[in-house]
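**Q** Quick one: this structure, given as structure tokens, is what I'll be asking you about.
The values are calculated or read from the model by the stated rules, or taken from the named source; none is laboratory data. Keep in mind that this is a model prediction, so the values were computed, not measured. Here the Cβ is made from the backbone with ideal geometry for all residues, glycine too, and neighbour counts use every protein chain on show.
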Amino acid sequence: MNLVATLAQDAPPCRRDLRPANDAFSFWKPPEDWRAIVGPTDLVCSELISDWYLLERYRGAKAEAQRLKINLYYAVKDFIPAGVRCLIRSLAVRLQRRRAFPNWPSEDALLLFQRDWILRAMELSAARQAWHIGFWPRDYSCCVVLTHDVESPAGFERMEVMAELEERFGFRSAWNLPLDQYPIDWRRVQRLRRRGFEFGAHGLRHDGMLFRSRLHFLDLAPRVQALAFEHGLRGFRSPSTLRNARWLGEMDFDHDSSFADTDPFEPQPGGSCSIFPYFIGGLVELPYTLAQDHTLINLLRRDPVPIWMDKVNWLAARGAMILALTHPDYSAAGRGLYAYSELLRRLADLPAAWRALPSEVSAWWRQRAGLRLETSGGRPQIAGPYAHRAAARPLCTQPLLAWS
């Protein structure tokens with residue numbers, strides 16, 4: 001059985017016309033008349049291949065073996081002191097064999113597929129000058145998103161330190177809170193909201209229960225959603241980034257950020273291989289694309305700044321989304337705060353970078369999905385709601401086509 005047939009067997013139950021697509025045409029959004037040129041079979045196949053990466057279907061049987069290990073870990077976690085757990089994880093991470101795929105800290109398999117697809121479409125169209133709808137609003141060339149997971153009461157107390165640092169460099173960020181792990185002062189949350197920050201749900205608690213089984217998910221997800229709705233939280237990130245793409249797509253949130261593009265060091269290793277947003281059911285998925293502060297500082301025991309900046313430059317050169325995941329628990333003091341301030345300083349120098357909150361990126365990606373690119377007299381015209389926010393860009397100048 002070939003790859004496409006295998007992927008079709010594992011396709012999600014919802015139909016293409018009931019959800020936004022992840023096919024290569026929808027990713028690039030070239031002129032609408034190219035649909036007939038590439039043909040419907042190509043579009044379906046390209047979505048199946050894209051979802052092979054985006055939904056981590058490539059993990060196959062490994063996912064079940066990993067799930068059993070995760071369940072065992074959470075069964076004994078509370079009996080092991082936090083310092084000992086961190087030491088054990090650090091040793092395990094540094095001794096583990098490097099995975100060939102997805103490569104870390106950067107993986108380009110999906111990008112290569114998307115690049116080759118558009119080059120073939122350009123050849124089939126025989127257009128002298130080809131255009132597509134830009135990935136970001138107006139004249140922005142890339143996107144910067146700052147997010148935090150607030151793991152503990154100590155981290156909650158330190159939020160303002162990082163918030164003030166971000167304001168100094170002209171940024172705002174999103175804070176994800178576990179809703180049943182420690183008391184939350186919602187007045188403090190509201191004060192930060194008034195300053196332009198936003199908040200999301202980080203599940204209920206770090207106990208590995210939400211995605212342990214289908215029954216656990218059906219029992220706990222409604223409570224997560226009810227608490228999130230009560231406090232106006234429309235974004236989600238799963239505790240410890242444990243995830244199941246099928247189940248996540250059923251949750252009532254606007255956007256999720258439980259996937260990395262590549263992260264072999266989390267309890268559930270893997271990654272979507274995507275450095276752009278994409279759709280999981282009704283959610284916009286915003287994969288984090290920079291290595292986590294906790295991973296670099298506490299587990300790998302490495303200076304995060306060089307690793308962060310190598311990846312920032314790699315992402316910016318491809319016009320992608322630079323999404324950071326840090327924790328006030330680890331990065332609001334000492335070495336962690338210094339490293340984070342260096343990251344902000346250098347991000348602030350990126351030219352034409354859209355500094356956006358997760359809700360803004362999610363809204364834009366939905367708006368972009370509803371736009372069409374048409375040509376009239378050889379010139380591109382964008383049609384649809386919010387067309388005024390978008391820009392038609394020549395494919396010949398697209399950074400994703402300038403590397404190999």
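**Q** Quick check on my filter: what residues within the range 130-171 are closer than 26 Å to PRO351 by Cα and among the polar types (S, T, N, Q)?
**A** If the condition is that a residue be closer than 26 Å to PRO351 by Cα and among the polar types (S, T, N, Q), then SER141, THR147 are the ones that fit.
**Q** Take the conditions under 25 Å from the mean Cα position of the chain (by Cα) and either at pLDDT 75 or above or over 19 Å from ALA317 (Cβ atoms) (or both) and apply them to ILE70. Does it pass?
**A** It is true that ILE70 is under 25 Å from the mean Cα position of the chain (by Cα) and either at pLDDT 75 or above or over 19 Å from ALA317 (Cβ atoms) (or both).
**Q** Here is a list: GLY271, GLY196. Which entry is within 20 Å of the chain's Cα centre (by Cα), modelled with pLDDT of 95 or more and within 30 Å of ALA339 (Cβ to Cβ)?
**A** GLY271
**Q** Inside the range 274-301, can you point out the residues that are part of a loop (DSSP other than H, G, I, E, B), under 24 Å from SER341 (Cβ atoms) and at pLDDT below 95?
**A** If the condition is that a residue be part of a loop (DSSP other than H, G, I, E, B), under 24 Å from SER341 (Cβ atoms) and at pLDDT below 95, then LEU300, ARG301 are the ones that fit.
**Q** Counting residues that are in contact (Cβ under 8 Å) with a residue 40 or more places away in the chain and either more than 30 Å from GLU32 (Cα to Cα) or in contact with a strand residue (DSSP E or B) (Cβ under 7 Å, 6 or more places away or on another chain) (or both), which helices (runs of 4 or more DSSP H) fully inside the range 72-184 reach at least 1?
**A** 82-95, 153-157, 159-168
**Q** Moving to a separate point now. From the list PRO399, PRO351, PRO380, which residue is farther than 27 Å from LEU233 by Cα, crowded, with 17+ Cβ neighbours inside 10 Å and not acidic (Asp, Glu)?
**A** The conditions single out PRO380.
**Q** Does MET321 meet the test of being within 21 Å of the chain's Cα centre (by Cα) and under 16 Å from ASP256 (Cβ atoms)?
**A** In short, yes.
**Q** GLY200 passes all but one of (1) in contact (Cβ under 8 Å) with a residue 60 or more places away in the chain; (2) part of a loop (DSSP other than H, G, I, E, B); (3) within 16 Å of TRP175 (Cα to Cα); (4) not basic (Lys, Arg); which number fails?
**A** (2)
**Q** Does the range 209-216 include one or more residues that are under 15 Å from the mean Cα position of the chain (by Cα) and not charged (D, E, K, R)?
**A** No: the range 209-216 contains no residue that is under 15 Å from the mean Cα position of the chain (by Cα) and not charged (D, E, K, R).
**Q** Turning to a different aspect of this structure: Working only within the range 142-188, note down all residues that are among the aliphatic types (A, V, I, L, M) and crowded, with 19+ Cβ neighbours inside 10 Å.
**A** VAL144, VAL145, LEU146, VAL150, MET159, MET162, ALA163, ALA174, LEU177, LEU179
**Q** Quick test of your reading of the structure: PRO358 fulfils all but one of (1) buried (at least 18 other Cβ atoms within 10 Å of the Cβ); (2) out of contact with any Ser or Thr (no Cβ under 8 Å at 6 or more places or on another chain). Name the failing condition by number.
**A** (2)
**Q** Just wondering, is there one or more residues in the range 219-231 that are within 17 Å of GLU56 (Cβ to Cβ) and not aliphatic (A, V, I, L, M)?
**A** No.
**Q** Among the residues that make up the range 292-312, is at least one of them more than 18 Å from the chain's Cα centre (by Cα), under 19 Å from PHE156 (Cα atoms) and among the charged types (D, E, K, R)?
**A** No; the residues of the range 292-312 include none that is more than 18 Å from the chain's Cα centre (by Cα), under 19 Å from PHE156 (Cα atoms) and among the charged types (D, E, K, R).
**Q** A further question follows. Scan the range 349-390 residue by residue and report those that are free of Cβ contacts under 8 Å to residues at least 12 places away in the same chain and assigned to a strand (DSSP E or B).
**A** SER376, ARG379, GLN381
**Q** Is it the case that GLY249 is touching a Cys at 6+ places or on another chain (Cβ under 9 Å) and surrounded by fewer than 22 Cβ atoms within 10 Å (Cβ to Cβ)?
**A** For GLY249, the condition - touching a Cys at 6+ places or on another chain (Cβ under 9 Å) and surrounded by fewer than 22 Cβ atoms within 10 Å (Cβ to Cβ) - is met.
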